[in-house]
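What follows is a set of notes on a single structure, which appears directly below.
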Amino acid sequence: MSAASCNNCTFQDTQFLAGSCGATFTLFMGLVEYLVSSKDDIADACNRPGRESVKGMETAEYDFVVVGAGIAGSVVASRLSENPDWKVLLIEAGPEEPTATSVPAFAVSAVGSELDWKYQTQPEGMACLVTGGICNWPRGKMVSGTGGMQGMMYTRGNPKVYNEWAKFGNDGWRYEDVLPYFIKAEKNKNLELVEERYHGTEGPLVVQHFPYRPPLSEAIVEAGKELGYRTGDLNGANQTGIAIAQMMVDNGLRGSTSRMYLRKAGARDNLDVLINSHVTQILIDKKTNLATGVEFIQKDGVKKIVRAKKEVILSGGAIGSPQILLLSGVGPSEDLEELGIEVVQDLPVGRNLHNHVSASVGFYINDTSYETLTTKVLQEYLDTHTGPLSATGITQTTAFLLSKYASDGVPDIQVFFDGFMATCSRTGLAEECTNGEIGDCGRRYITARPTNILPKSRGYLKLRSTNPKDHPLIFPNYFSAMRDGEVLIEGIKLVIQLTETESLQGWGAELDKKPAEGCEGPPFGSDEYWQCVIHRHTGPENHQAGSCKMGPAGDPTAVVDPQLRVHGVRNIRVIDASIFPYVPNCNTIAVVVMVAEKGSDMLKNTWQSSDKADNACHKFGICQQCDMNSKPTVSRSVLQQ
Ligand SMILES: Cc1cc2nc3c(=O)[nH]c(=O)nc-3n(C[C@H](O)[C@H](O)[C@H](O)COP(=O)(O)OP(=O)(O)OC[C@H]3O[C@@H](n4cnc5c(N)ncnc54)[C@H](O)[C@@H]3O)c2cc1C
């Protein structure tokens, strides 16, 4: 940790970059981190809202307590605090968002560091076999959440996905209902590249192309076009196609929701942001099933509680939110009883957990250029926020494709590409190759990652113990639906076709035919071979969802209702990726932000009218008991007086 300063402002800036590339690179990467963190325009120290303690917090009368300052929580806390009459507390387990996460090229560098919860799945029979069936599930533990360690790609998924959500009884979640919230959140700065009627220009979330891209990214788009795919807006009327994706980035800096929403709201007197504080449970009155606040442990180990007059909002993500509910007695009764936890409400919390799944296909290209993180590149970034450090190499190119199993024109495959990322330099010298050697770099190795984005397999999580610091037991059940593997193998074949196009042959693209470790038996390229690859070298992906599923009261698989309120418990909502009935066929952040915007409006609608009614109650001296959802039972005519 070091204190970063801007004029007279300071904050505890967590250093993670030096250790992110292995021991040989520590010195140079440490220097890079020091230089980046010293820049006031990147560190933004004066606008950091996080505090390790808040004076008078325990006696403070918060209206709302929001748990988790990740993608969703940062949006919810800033939207709620727009009402100056409401006092809002946002609690985050990790530290402030480190400065070096702002640099796009270090998109995923915090993975594996102390800023990562480092979840691991229980051994699986059909996935990640090369590591004993255990898959890594990185999740961010810092202000910005997993938003501080992700690729910044902005995609919304297919309109039909939301129409399906609504078909399950989720009124108000059709595409036409959610589109206004995608638009509300967005400030699109490349309108010339998109179909305008689907995009917003007034929201906090800046969306545009990175300032830089390596020429190969354009060649990949051309390859897609040769195969007959369209390019253009992948978030408009037609999702299928290949394009340089739009990204959440502004002025060459990562566009986390903490930077774009929370820091702007941070100066408000009615918003407190408490960091390094791990929420252990929600306080629920067992007689009334009413949530009254939360319990948490601070960094020094001291346990505290804080009260919420109106609601507790869980935005702890697809692992954190169900874990907190389970610790609070909300979950499958048989699991809770096994651990001796008193059951408040029997609900399928932690079930329906699922994720996209991918495989990696490597190929060589003719490119003798050097490592892109040189001292010159660093200087360019520090001066103008442009150049290779302001982007994620060819990872900014993506494709949404249809396998032969796709139905209704909804893409079931997304392809990501990895390479040309300006990270992990050993010396920063201009002639350094990607492997850290000095000299002739020869050919360059890049990978494509076809991903099954409409998986059918469903897993679950449950508590390991009653200790809130213990990670839950995670069982993803990858490939338990056979079709998931078949779709993925189709994706691999589509990627190979891409490399055979004139456009990529111009780069000398050549499939890496060295058999993957443990898959030497079957003939290379046969379905049997790819089966082996996907099971042994599974790409476990990072779009975990569904563990507090949204559905109407009659749905036995639902945890929250279409207003995001936990069934049968009063004054708790879940607002994050865990509420997705099923994960949309795209990267998940744009969707989480949409859910957070919509959830914030639901909270405002509930409580602004309730406040009005309360005022009317007091004015006319006729206060009555509140009903289940805390709407005062006061007659309309009184409100209209
Ligand atoms: C390597 C990687 C790359 C990715 N790339 C992309 C991409 O390019 N585009 C995209 O759209 N998506 C991407 N994603 C996915 C995306 O980051 C997540 O879907 C998104 O962050 C989920 O948002 P959330 O608000 O649900 O949870 P999170 O962002 O994870 O936020 C949850 C927050 O709650 C906090 N928390 C949890 N438990 C507690 C507790 N007990 N007490 C206090 N605080 C708690 C956490 O510390 C965290 O800050 C990527 C993810 C990863 C890991």
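The values are calculated or read from the model by the stated rules, or taken from the named source; none is laboratory data. Being a predicted model, the structure only gives us computed values, none of them experimental. FYI the Cβ positions are ideal-geometry reconstructions off the backbone, even for glycines, and counts take in every protein chain you see. For the accessible areas, the whole protein counts, side chains as well, though only heavy atoms, and no ligand, DNA or RNA atoms are used. Shrake-Rupley method; radii C 1.70, N 1.55, O 1.52, S 1.80 Å.
Overview of results
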item	result
At q = 0.09, 0.12 Å⁻¹, base-10 log of I(q)/I(0) for the chain (Debye sum, equal scatterers on each alpha carbon)	-0.72, -1.31
Restricting segment 63-131 to trypsin sites (Lys or Arg not before Pro) in coil, as DSSP defines it, with at most 15 other Cβ within 10 Å	Lys118
Taking N as its residue count, the alpha carbon Rg of segment 307-354 over 2.2 N^0.38 Å	1.18
Against the rule of thumb 2.2 N^0.38 Å, how large the Cα Rg of segment 219-376 comes out	1.58
Alpha-carbon Rg/Rh ratio, for segment 274-317, with Rh computed the Kirkwood way	0.99
Counting DSSP beta bridges with both ends in the chain, the antiparallel % (nearest 5)	70
Helical contribution to [θ] at 222 nm, DSSP H n ≥ 4, -39,500 (n - 2.57), averaged over the chain, rounded to 500	-7500 deg cm²/dmol
Pairs from Lys141/Lys549; Lys118/Lys462; Lys87/Lys118; Lys55/Lys299 whose Cα-Cα separation, in the structure shown, is over 26 Å	Lys87/Lys118
Beta bridges by DSSP in segment 1-148, antiparallel share as percent, to the nearest 5	65
Projected-area average for segment 37-88 over all orientations - Cα convex hull basis, square nanometres	4.9
Burial order of peptide ranges 137-146, 11-20 (average beta-carbon count within 10 Å, highest first)	137-146, 11-20
Cut-off under 5 Å, modelled amide H: who pairs with Leu347 long-range	Gly331, Ser333
Share of carbon and sulfur in the accessible heavy-atom surface of the chain [1.4 Å probe, %]	49
Whole-Hz couplings from phi, Karplus 6.51/-1.76/1.60, listed for segment 595-608; x for Gly and Pro	4, 5, 5, 5, x, 5, 5, 4, 4, 5, 4, 5, 8, 5
Stretch gain in nm, segment Lys167-Glu82, where the contour uses 0.36 nm per residue and the Cα spacing is subtracted	27.3 nm
Accessible area (Å², per residue) of the chain, counting only protein heavy atoms and a probe of 1.4 Å	38
Three-way shape call for segment 13-168 based on the alpha-carbon gyration tensor, with the a/c threshold at 1.5	oblate
Solvent accessible area, Å² - Ile579, 1.4 Å probe, full protein context	0
Longest to shortest principal axis, alpha-carbon extents of segment 327-478, angstrom	64, 42, 28
